[in-house]
Amino acid sequence: MTVKTRYFIFLSYKGTSYHGWQVQPNSVTVQEILDSSLTTILNEKIRTTGAGRTDTGVHAKFFCAHFDSASPDLAIKKNLCYRLNRFLPKDIAVSRIVRVLPDAHARFSAISRTYRYNISKIKDPFWDDNSWYVPAKTDINAMNEVCGILLNHSDFTSFARLHSDTKTNLCRILYAVWEQADNRLVFTIKSDRFLRNMVRSLVGTMVEVGTGKVPVARFEEIIAAKDRSKASKSAPAKGLHLIEIDYPDDLFIK
């Protein structure tokens, strides 16, 4: 029996051309492309497991997946990332491959994740693929007031995709803030875990707070209702970016 070594592979991708991360029938996904590339370069069948499922059009500045290989020294092969990047399409880039403990898991070993959502206040062709164009006047102070409310709650059923297979809708939000720079609004949120569609649903509802369609006081009622129909329509996928995943240091073999 061949003893295999587990690795974390860190990458980034622009999600515009993909139906999300996870392999699915009759659709081009990031996982499919990465698995095929690793299988070709390493000359062995590779199947990665990702840190989570990103929806169609969502981007990842930082993403992690794990895989097992018969080779015990991939992490020290200096040209491996270079070879992979030459093989991969231009919208997927590998930054490093690291050896980890045999039970390390890209999804379940994560301590926290951080997402960023971009909104453009002006029509900008250079930002169209990675932001939501919202020309209406928005009150960023009201939106940040809502961020403060988020930190006082843990059940986000009202912002979760219906009929999901998740066992719990409890999340511990560690950080949430809206910032403005020139003609852009940027929302950053960090949590120990996220529900499917949660960030986009939150953004959609918070934008309605900012534009005056939903009063700040009602936002807490939406959370308490634990009912997806009480929240607003989800923000478009193209504005969402996964930007960081934290793992315990002791997972990595130096």
| Of the residues that sit in region 133-184 and are among the basic types (Lys, Arg) and under 22 Å from residue 218 (Cβ atoms), which one is surrounded by the fewest Cβ atoms within 10 Å (Cβ to Cβ)? | 137
| remark: Considering residues that are without any contact (Cβ under 8 Å) to a residue 24 or more places away in the chain and more than 26 Å from residue 196 (Cβ to Cβ), the number found within region 4-45 is 3
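Considering only residues that are hydroxyl-bearing (Ser, Thr, Tyr), over 22 Å from residue 27 (Cα atoms) and part of a loop (DSSP other than H, G, I, E, B), which ones fall in region 40-76? Break it down into steps so the answer makes sense when it comes.
Narrowing region 40-76 to residues hydroxyl-bearing (Ser, Thr, Tyr): 40, 48-49, 54, 56, 69, 71.
Still in the list and also over 22 Å from residue 27 (Cα atoms): 69, 71.
Answer for region 40-76, where residues must be hydroxyl-bearing (Ser, Thr, Tyr), over 22 Å from residue 27 (Cα atoms) and part of a loop (DSSP other than H, G, I, E, B): just 71.
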| Identify, please: which residue in region 1-41 is over 14 Å from the mean Cα position of the chain (by Cα) and among the charged types (D, E, K, R) and is, among those, farthest from residue 85 (Cα to Cα)? | 4
| field | Filter pass, residue 229 being at pLDDT below 95 and farther than 30 Å from residue 8 by Cβ | value | yes
| said: Any residue that is in contact with a helix residue (DSSP H, G or I) (Cβ under 7 Å, 6 or more places away or on another chain) and modelled with pLDDT of 95 or more - is there at least one of those in region 103-110? | reply: yes
| field | Filter result for residue 126 (among the aromatic types (Phe, Trp, Tyr), surrounded by 14 or more Cβ atoms within 10 Å (Cβ to Cβ) and not assigned by TED's automatic domain parsing to the domain that holds residue 63) | value | no
| query | Restricting the first residue to region 241-254 and requiring it to be under 22 Å from residue 197 (Cα atoms) and touching a residue at least 12 places away in the same chain (Cβ under 8 Å), which pairs with a second residue that is aromatic (Phe, Trp, Tyr) and surrounded by 16 or more Cβ atoms within 10 Å (Cβ to Cβ) meet a Cβ separation below 7 Å and a spacing of at least six or different chains? | reply | 241/115; 242/62; 242/63; 242/115; 243/62; 243/115; 244/62; 245/62
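Inside region 93-120, can you point out the residues that are touching a Leu at 6+ places or on another chain (Cβ under 7 Å) and either in a loop (DSSP other than H, G, I, E, B) or more than 30 Å from residue 74 (Cβ to Cβ) (or both)?
If we filter region 93-120 for residues that are touching a Leu at 6+ places or on another chain (Cβ under 7 Å), which is where we start, we get 93-95, 97, 100-101, 104, 109, 112-113, 115, 117, 119.
Those that are touching a Leu at 6+ places or on another chain (Cβ under 7 Å) and either in a loop (DSSP other than H, G, I, E, B) or more than 30 Å from residue 74 (Cβ to Cβ) (or both): 101, 104, 109, 117, 119.
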| From the set of residues in region 87-108 that are farther than 19 Å from residue 32 by Cβ and among the basic types (Lys, Arg), which is surrounded by the fewest Cβ atoms within 10 Å (Cβ to Cβ)? | 96
| task | Would you mind stating whether residue 113 is in contact with a strand residue (DSSP E or B) (Cβ under 9 Å, 6 or more places away or on another chain), buried (at least 18 other Cβ atoms within 10 Å of the Cβ) and of a type outside the set (Gly, Ala, Ser)? | result | yes
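Of all the residues that make up region 207-223, how many are among the small types (Gly, Ala, Ser) and touching a residue at least 40 places away in the same chain (Cβ under 8 Å)? Break it down into steps so the answer makes sense when it comes.
At the first step, the residues of region 207-223 found to be among the small types (Gly, Ala, Ser) are 210, 212, 217.
Retained after the next criterion (residues that are touching a residue at least 40 places away in the same chain (Cβ under 8 Å)): 210, 212.
Of the residues in that region, 2 qualify.
The values are calculated or read from the model by the stated rules, or taken from the named source; none is laboratory data. All figures in this text were calculated on a predicted structure; none of them were measured in a lab. Every residue, glycine as well, gets a Cβ built from its backbone with ideal geometry; the counts of neighbours run over all protein chains shown.
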